[in-house]
Amino acid sequence: MIISKLKLWWQSLLYYVIADPADNSITLSKHLFLHIKNNARKSDAARVFVFHISGDDTFGFIINPVIEQATQMCDIQYNDKYKCIGFETLCPSVGRILYEYGLSDNCRVKLSVSIQKTPQGKTYYPLAELKR
């Protein structure tokens with residue numbers, strides 16, 4: 001119990017995103033980006049699918065999922081102006097994600113990210129509000 005709480009606390013320091021409702025952008029922390037980069041197949045373009053996790057009533061994202069039907073995917077991009085890496089999500093929007101979490105939608109918010117596996121072994125990244 002205590003060890004799992006310490007692990008989650010440590011991960012929240014390393015793995016997080018900054019959600020900005022002004023432009024629907026999700027900025028990745030350096031450690032989170034490196035984790036994604038190191039666990040992606042080299043031949044894949046970095047495409048992100050953002051989704052609602054109904055069992056936990058949270059949101060998350062997955063890199064390069066295999067989806068049969070036409071689906072909106074986000075590209076991971078480097079922002080040269082701000083020297084950061086992230087993606088834009090319109091479905092769901094950042095405002096919708098923050099609304100569902102009961103957070104203000106008029107400022108940027110830091111959300112912790114945990115690293116989980118699907119039953120099929122694919123890595124996904126649930127978003128959670130940082131506990132203060």
Rounded to the nearest 0.05, what FRET efficiency do K81 and A22 have when you use their Cβ-Cβ distance and R0 = 22 Å?
0.90
Hey, what do the phi angles of the range 10-24 turn into as Karplus ³J(HN,Hα) couplings, whole Hz, using 6.51/-1.76/1.60 and θ = phi - 60°, x for Gly and Pro?
4, 4, 5, 6, 8, 10, 7, 10, 10, 9, 10, x, 4, 10, 6
Within the chain, how many Lys pairs that are eight or more residues apart, or on different chains, come under 14 Å at the alpha-carbon?
4
Amide H contacts under 5 Å for I85, restricted to residues at least 5 apart in sequence or on another chain and with H modeled in the peptide plane, are L28, N79
Put a dot 7 Å past each Cα toward the Cβ at W9 and R41; how far apart are the dots in nm?
4.0
Rounded to whole Å, give me the distance from the Cα center of the range 40-62 to that of the range 89-128.
9
Restricting to DSSP H runs of at least four residues, report the calculated mean residue ellipticity at 222 nm for the chain, -39500 (n - 2.57) per run over all residues, nearest 500 deg cm²/dmol.
-6500 deg cm²/dmol
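Values in this text are rule-based calculations from the coordinates and carry no lab data. Quick caveat, the model's predicted, so the values are computed rather than measured. Here the Cβ is made from the backbone with ideal geometry for all residues, glycine too, and neighbour counts use every protein chain on show.
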